[in-house]
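Just below is one structure, and these are the notes that go with it.
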């Protein structure tokens, strides 16, 4: 579809080395974009054995967004940037998020770095009349008993999406969000690789299956396309009907 032709566009996917971020990066590349991705490993080749990573054709940079000092010191190296997808994410299990060190660690990745990088890239997005997509979670819409930091950070990202959209709309920048439900990625293996937990989860999803990273990528591409040109400040819940 011509509306999804990203030829000549420059895209950055933070957290684009695996899972939803990597599927999104590959989807943009397939539609003609020049795509840059950030990940935590030293080189793209370090993801060669990762079944959820395909780094072919992507421009890779190592960057740890949990390092607040590094984020603060960062100065964008792009001449032009049309689309930024902030897909970084962290979660801690075994009640680690109930300890303040764990709580702060998750918030630093899932919310603080999102705001910091959004502000870093805003001048470039204003120049290109571009798009920002913040990848959150369906957790923003319900309680997550064992993960207070993850929940608080994703709820914060939901609010941040609306607020930045309102602030930046007069300058031609659209800001939208994606809230995935249960998608099989590294972060969801605690459920997807536990047969009993997986069965219980699937029973709650009207579509009766997990989502795929590629389906999430399709929603992101839609949000940054002319098809969604009159949409801003919205977070699309892609959860197979889980929260119905």
Scanning the range 186-197 for residues that are surrounded by 12 or more Cβ atoms within 10 Å (Cβ to Cβ) and over 23 Å from the mean Cα position of the chain (by Cα) gives 194, 197
Counting only helices (runs of 4 or more DSSP H) wholly inside the range 146-244, the ones holding at least 1 residues that are closer than 27 Å to residue 33 by Cα are 148-168, 213-223
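With 224, 185, 161, 232 as the choices, which residue is within 18 Å of residue 25 (Cβ to Cβ) and in contact with a strand residue (DSSP E or B) (Cβ under 8 Å, 6 or more places away or on another chain)?
Every option except 224 fails the conditions.
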Going through the range 26-60 in order, the residues found to be part of a helix (DSSP H, G or I) and more than 14 Å from residue 4 (Cα to Cα) are 44, 45, 46, 47
Expected single match for assigned to a loop (DSSP other than H, G, I, E, B) and either in contact (Cβ under 8 Å) with a residue 40 or more places away in the chain or more than 24 Å from residue 235 (Cβ to Cβ) (or both) among 93, 122 is 93
The condition of being more than 18 Å from residue 112 (Cβ to Cβ) and in contact with a helix residue (DSSP H, G or I) (Cβ under 8 Å, 6 or more places away or on another chain) holds, among 177, 136, 156, 146, only for 146
Taking the range 10-51 and the residues there that are more than 15 Å from the chain's Cα centre (by Cα) and in contact (Cβ under 8 Å) with a residue 60 or more places away in the chain, the one that is farthest from residue 132 (Cα to Cα) would be 31
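Throughout, read-outs are computed from the coordinates displayed, never taken from laboratory work. Being a predicted model, the structure only gives us computed values, none of them experimental. Cβ atoms come from the backbone with ideal geometry, glycine included; neighbour counts cover every protein chain shown.
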